[in-house]
Amino acid sequence: PLLQVFVGGSISKGGPVVVLKDEELQSQPEPFVIQGKKVPGGPQMIQLSLDGKRLYVTTSLYSAWDRQFYPDLIRHGSVMLQIDVDTEKGGLTVNRDFLVDFGKEPGGPCMAHEMRYPGGDCTSDIWDPNAMADEELSPQAAKKGTLSPGVSRSGAAEPGTLVQKLRGNIS
């Protein structure tokens, strides 16, 4: 089984970093391309689904660092990828049918860092609402003890097109 997948970064062929010697790599990997899009940047934040079968990856870390290390990321926006995890035999596979391209968002390109999904699918959505101050939650969430779709824990609205896209693509 494939225990490691390459989903972008600075060490790709033609990139800004040249590897002179690496005992694991015969040569630098080709740039990562999915659905015809060359992925700018590299994996930064990851979230594992509660069943452990899907690993979601975003490619923006911190905008000041993104500007320095991945200027194409700033120009084209970050992406979110899905890596399928074989929990029985082991191994990882990039799901080539899943791509959220934040470069295409209204008002974009946008940068995606840490993701939380409406309805909860990932480890970041396991939380105790009583452990947070009520003023940190939206009024609806404070009453229900859960977050309402389209509202982050900080109370900021999420882009509607992104919420709809995620609802349609995450099982």
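Modelled this way, with points 7 Å down the Cα-to-C-beta line, the labels at Arg96 and Glu23 are 3.3 nm from one another. The mean accessible area for residues of region 1-120, using a 1.4 Å probe and ignoring ligands and nucleic acids, is 59 Å² per residue. In loop segments of region 40-117 as defined by DSSP, the trypsin sites (Lys or Arg not before Pro) with at most 10 further C-beta atoms inside 10 Å of their C-beta are Lys89. Proximity of backbone amide H atoms, modeled 1.01 Å from N, is registered between Asn95 and Gln82, Ile83, Asp84 at under 5 Å, excluding neighbours fewer than 5 places apart on the same chain. Near Arg54, the amide H atoms lying under 5 Å from its own belong to Ser49, Val85; only residues 5 or more places off or on other chains count, and H is placed 1.01 Å from N. Karplus-based coupling profile of region 81-93, in residue order and whole Hz: 10, 10, 10, 7, 10, 7, 7, 9, 9, x, x, 10, 9, with θ = phi - 60° in 6.51 cos²θ - 1.76 cosθ + 1.60 and x standing for Gly or Pro.
Once you sort the root eigenvalues of the Cα gyration tensor of region 1-98 as a ≥ b ≥ c, which label holds: rounded (a/c under 1.5), prolate (a/b larger than b/c) or oblate (the other case)? Here region 1-98 falls in the oblate category. Karplus-based coupling profile of region 21-34, in residue order and whole Hz: 8, 8, 6, 8, 9, 6, 7, 5, x, 5, x, 7, 10, 9, with θ = phi - 60° in 6.51 cos²θ - 1.76 cosθ + 1.60 and x standing for Gly or Pro. Gain on full extension, evaluated as 0.36 nm per residue between Arg75 and Lys53 minus their Cα-Cα distance, stands at 4.7 nm. Between Val100 and Met80, the built amide H atoms are under 5 Å apart, and every one of these is 5 or more places off in sequence or on another chain.
Computed from backbone phi with θ = phi - 60° and the Karplus coefficients 6.51, -1.76 and 1.60, the 3J(HN,Hα) list for region 48-55 is 9, 5, 4, 7, x, 9, 9, 10 Hz; x is used for glycine and proline.
The values are calculated or read from the model by the stated rules, or taken from the named source; none is laboratory data. Small disclaimer: the values here were computed from a predicted structure and weren't measured. Because the Cβ atoms are built from the backbone with ideal geometry, glycine has one as well, and the counts that use them run over all protein chains shown. Ligands, DNA and RNA are excluded from the accessible area calculation, which covers all protein heavy atoms including side chains. Shrake-Rupley method; radii C 1.70, N 1.55, O 1.52, S 1.80 Å.
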